[in-house]
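> I am attaching a structure below and will ask some questions about it afterwards.
Here, each number is a calculation from the coordinates, and none is a lab measurement. Since the structure is predicted, the reported quantities are computational estimates derived from the model, not experimental observations. For neighbour counting, all protein chains shown are included, and Cβ atoms are generated from backbone atoms with ideal geometry for every residue, glycine included.
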Amino acid sequence: MTVVVIAGCGRSTSTSTSTSTSASTSTSTSASASTSASTSTSASTSTSAPKKPLELLKFRLTSGIENKNPKDTLTVATPGQRVYAHLTLRNRSDETRQVKLSFRVNDVERTSVTLDVEPSWSYRTWAYNTLRDFDAGEMSVEVTDDTGASIVADKVPIRRAKDAGK
């Protein structure tokens, strides 16, 4: 009987041949079964291993994007204005990941955008929400990854142009 034990790395690590009595074969089979069971456990652990987390490098609410960078830092938004959420993320996995941006005005979801994040040391991406002419109060943004983990949340007050300086 030939028993091949496969380690978690996918290579054959040992081969055992047994042609002796049935008692000896039984012992050999039992040993390989326990080795195989532990190998099976480690293999299933590696396939269901958690994804490497996305790392937030920079986040900014801004009134615009210029050359893939935020134009300014938005401290007050005005009705009718586009509010951009600009992110710089690190994706150290080997696969494209996703982030979801949820824009809320006065705690009511206004826009939800899902963006791809390619594997990269520094990946820039952004989305925006256009405020309505009658909006007042507060606009918030929450960013979550494809596992549902919160990455960042921020908010900005919405004021009419004549009140924006207050």
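> Between R110 and residues 5 or more places away or on another chain, which pairs have amide H atoms under 5 Å apart, with H built 1.01 Å from N, and which residues are they?
Here F103, R104, V105 satisfy the definition.
> What are the residues whose amide H is under 5 Å from the amide H of A127, where those residues sit 5 or more places off or on another chain and H is modelled from the backbone?
For A127, the qualifying residues are A85.
> Between R132 and Q98, what length in nm is gained on full extension when 0.36 nm per residue of separation is reduced by their alpha carbon distance?
9.5 nm
> Continuing with the same structure: Multiply the residue separation of D116 and R160 by 0.36 nm, subtract the distance between their alpha-carbon atoms, and state the gained length in nm to one decimal.
Computed gain between D116 and R160 is 12.4 nm.
> What is the spread of the Cα atoms of segment 74-148 along each of their three principal axes, largest first, in whole Å?
Its Cα atoms span 44, 21, 14 Å along the three principal axes.
> Looking at segment 61-166 only, what percent of DSSP beta bridges run antiparallel? Nearest 5 please.
Roughly 95 percent of the beta bridges in segment 61-166 run antiparallel, per DSSP.
> Next question, about the same structure. Run the reach check for K100 against lysines, Cα to Cα strictly under 21 Å, same-chain hits fewer than 8 apart removed. What comes back?
K51, K52, K58, K68, K155
> I need the calculated FRET efficiency for the pair R124 and V76, taking r as the beta carbon distance and R₀ as 30 Å, to the nearest 0.05.
Efficiency at R0 = 30 Å is approximately 0.80.
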